[in-house]
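What follows draws every value from the coordinates through simple rules; no lab data is involved. What you are looking at is a predicted structure, and each value in this text was computed from that prediction instead of being measured. Using ideal geometry, Cβ is built from the backbone for each residue, glycine included, and neighbour counts are taken over all protein chains shown.
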Amino acid sequence: MSTQNRATLKGYFNTGDTPSESQYADLIDSELNIVDATTQTVASAIIFAGEVTASKGIRSNSDVAIHGDLTTTLTGSFAALEITGRLSETGPQNLTVNPDTVEVTGNSTLTIANHHVKYVLVTGATTVTLPPVGIGASIIIVNDNASGTVITIDPDGVDRFLYNKAGSVGVDGKNIQNSAGTSLKGDFVKLLGLNAEGWAITEKSGVWADEA
């Protein structure tokens, strides 16, 4: 007895066929069973069009697309997850989202191709130079050092922060800095390429200073 694909199973039941005991067993073994407590594997991607509720953990090693509500009372772990409905959880759990990350360990110039919509984890007292601004590009830069380590974010020479940390109109080439005296591990700044002149600081955490 073994699992078979649909084409094979359908072949057991052509007009005039007399399926064998083992072929019926294959049919049963190839389907999910809502009572069995043993692990059952679905080889293909799964799309849920309705609500998904799990009383135990949810775990995926591949893509999951959910077009209704997802509710879990325990742990969810996904390689990739797309939800077009609601995501909710109950109990003391924390919701953690882990998009792709890229580690920067020394002075580096970022590129939109490699760093768009990714967390850039910066280690070392490092200067990160932004790429020429791309409209719609989004980069999140995180200070991944021990607290007290300075990192500097430098725009491309002809670009600027449209409004700097102080809320004033930015100046071409002027940086912002997560200062050594006040920086904390996990401080971050999220940047959006808003127009051809420069980057908008859309979100930040921690103490950042503008270059004089």
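List of remarks:
- The distance between label points at Asn5 and Ala146 comes to 5.6 nm (points 7 Å beyond Cα on the Cα→Cβ vector).
- Taking amide H atoms as placed 1.01 Å from N in the peptide plane, the amide H of Ile58 lies under 5 Å from those of Thr75, Gly76, Ser77, each 5 or more residues away in sequence or on another chain.
- Relative contact order (percent, whole number), the chain, Cα cutoff 8 Å, 6+ residue spacing: 12 percent
- Burial ordering of Leu110, Leu9, fewest other beta-carbon atoms within 10 Å first: Leu9, Leu110
- By the rule of a C-alpha distance below 20 Å, with chain neighbours fewer than 8 residues away ignored, the aspartates and glutamates paired with Lys10 are Glu21, Asp26, Asp29, Glu31.
- Potential lengthening between Tyr24 and Val158 on full extension [0.36 nm per residue; Cα-Cα distance subtracted]: 41.2 nm
- Gyration tensor (Cα) of segment 101-210, equivalent ellipsoid semi-axes in angstrom: 20, 16, 11
- Footprinting exposure proxy for Leu32, Leu130 (fewest neighbouring C-beta atoms within 10 Å first): Leu32, Leu130
- Taking amide H positions as modeled 1.01 Å from N, with prolines and chain starts lacking one, the residues under 5 Å from Leu184 and 5 or more places away or on another chain are Gly148, Val207.
- The order of Ile66, Ile141, Ile28, going from fewest to most other C-beta atoms within 10 Å of their C-beta, is Ile28, Ile66, Ile141.
- Derived scalar couplings ³J(HN,Hα) [segment 186-191; Karplus, 6.51 cos²θ - 1.76 cosθ + 1.60; whole Hz; x for Gly, Pro]: x, 4, 8, 9, 10, 10
- Relative contact order [Cα under 8 Å, 6+ residues apart], segment 106-196, whole percent: 31 percent
- ³J(HN,Hα) computed for each position of segment 111-123 - Karplus, 6.51 cos²θ - 1.76 cosθ + 1.60, integer Hz, glycine/proline x: 10, 5, 4, 9, 10, 4, 6, 10, 7, 9, 8, 9, 10
- The phi torsions of segment 195-212, fed into the Karplus equation with coefficients 6.51, -1.76 and 1.60 and a -60° offset, translate into couplings of 8, 5, 7, x, 9, 9, 7, 8, 7, 7, 9, x, 9, 10, 10, 8, 5, 5 Hz, rounded to whole numbers, with Gly and Pro shown as x.
- Per residue of the chain, the DSSP helices (runs of n ≥ 4 H) give a summed -39500 (n - 2.57) that works out to -2000 deg cm²/dmol at 222 nm.
- Ignoring lysines fewer than eight residues from Lys190 along the same chain, the ones with Cα atoms less than 18 angstrom from its Cα are Lys118, Lys165, Lys174, Lys204.
- Amide proton proximity set for Gly198, modelled H, under 5 Å, gap of 5+: Arg160
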